[in-house]
Amino acid sequence: MRTVVVVLIVLLVLAATPIVVFPMLGTGPNQSNLVPFDLTYVPVRASDGVSYRSNARMLLEVADPETADMVRQRLPRLTDRAWHYLAQANRDPLRTGNDARHLELQVDRAAADVFGYGVIRDVLIKEIETH
């Protein structure tokens, strides 16, 4: 009986211990394939009716440096399209438009419109500030 209790305790400790996963070699994005993208959008309306301005700092991951150059040249179009989608989302009473995942989805949607589907591999959000 004592052995069973010891085995159960060991199993519980092992189950509660975080598993260390070693990253695969070469899976991180190349720095030349990351395009900085800053976006200020308004209004984000709180439940009290006050408008807030939000600033987001992001990195757009692309396939190669040549694509990164094309994306940099067309960032004003991406900004315009992202504002459009965020404004639509803020009109929806079921959505606050203020969470990071929602922002990432709207920027990804805008990027597909501006650059074509799959040009932007990932939207990496570095920081979101609301004032």
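Looking at D113, is it in contact with a strand residue (DSSP E or B) (Cβ under 6 Å, 6 or more places away or on another chain), modelled with pLDDT of 85 or more and assigned to a helix (DSSP H, G or I)?
Against the criterion (in contact with a strand residue (DSSP E or B) (Cβ under 6 Å, 6 or more places away or on another chain), modelled with pLDDT of 85 or more and assigned to a helix (DSSP H, G or I)), D113 does not qualify.
Residue under question is Y85, and the condition is that it be modelled with pLDDT under 90 and among the aromatic types (F, W, Y); does it hold?
yes
Give me the pairs: first residue in the stretch 37-66 and surrounded by 16 or more Cβ atoms within 10 Å (Cβ to Cβ), second residue of a type in the set (F, W, Y) and modelled with pLDDT under 85, beta-carbon distance under 6 Å, and six or more apart or on different chains, which are they?
Here the result reads V44/Y52; S54/Y41, each pair linking the stretch 37-66 to a residue that is of a type in the set (F, W, Y) and modelled with pLDDT under 85.
The values are calculated or read from the model by the stated rules, or taken from the named source; none is laboratory data. Note that this is a predicted model, so its numbers are computed, not measured. As a convention, Cβ positions derive from the backbone with ideal geometry for all residues, glycine included, and neighbour counts pool all protein chains shown.
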